[in-house]
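**Q** One structure follows; several queries about it will come next.
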Amino acid sequence: MSEENRNEDVAQLPYEAARDELVGIVRAMEAGSTPLEETLAMWERGEALAARCQQILDQAEAKLSKAAGEGAN
């Protein structure tokens, strides 16, 4: 299974779910008891989750900026 297929569900996750899963991955990786292959898969998933969180935050920021601009008129 390719990295893309393994992480395609990330695009549908709400912010809180993506953040919580990312926190879990970081904790597991910090523990250091995961085999290398699984660690690499976790890293790839973590990258996808971090990108999803950033995407959601960027969208929220754009909406707030637009609302603030409309409110100034």
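**Q** Specify the angular offset, from 0 to 90 degrees and rounded to the nearest 10, of the alpha carbon long axis of helix 36-71 from the longest principal axis of the alpha carbons in the chain.
**A** Once rounded, the angle reads 0 degrees.
**Q** Could I ask something else about it? What value, in deg cm²/dmol to 500, does the helix sum -39500 (n - 2.57) over DSSP H runs of n ≥ 4 give at 222 nm once divided by the residues of the chain?
**A** Taken over the chain, the calculation gives -26500 deg cm²/dmol.
**Q** Return the distance in nm (one decimal) between the two label points of a simple spin-label model at Ala11 and Ala50, each offset 7 Å from Cα along Cα→Cβ.
**A** A separation of 2.1 nm, rounded to one decimal place.
**Q** Follow-up. Considering only protein heavy atoms, what per residue accessible area in square angstrom results for the chain with a 1.4 angstrom probe?
**A** 75 Å²
**Q** At a 1.4 Å probe, what is the % contribution of carbon and sulfur to the accessible area of segment 1-66?
**A** 55 percent
**Q** Dipole size in debye (nearest 20) for the chain around its Cα centre, Lys and Arg Cβ +1, Asp and Glu Cβ -1?
**A** 300 debye
**Q** Additional query: Take the Cα atoms of the chain, build their convex hull, and give its volume per residue in Å³.
**A** Spread over its residues, the Cα hull of the chain gives 81 Å³ apiece.
**Q** Which residue, chosen from Gly71, Ala60, Leu36, occupies the Cα position most advanced towards the positive end of the dipole of the chain, where the dipole is computed from +1 (Lys, Arg) and -1 (Asp, Glu) charges on Cβ about the Cα centre?
**A** Gly71
**Q** For helix 15-31, report the angle its Cα long axis makes with the longest principal axis of the Cα atoms of the chain; keep it between 0 and 90° and round to the nearest 10°.
**A** With both axes taken from Cα atoms, the answer is about 30 degrees.
The values are calculated or read from the model by the stated rules, or taken from the named source; none is laboratory data. Model, not experiment: these values are computed from the prediction. Methodologically, a virtual Cβ is constructed for each residue, glycine included, from the backbone with ideal geometry; neighbour enumeration extends over all protein chains shown. Heavy atoms of the whole protein, side chains included, go into the accessibility calculation; ligands, DNA and RNA do not. Shrake-Rupley method; radii C 1.70, N 1.55, O 1.52, S 1.80 Å.
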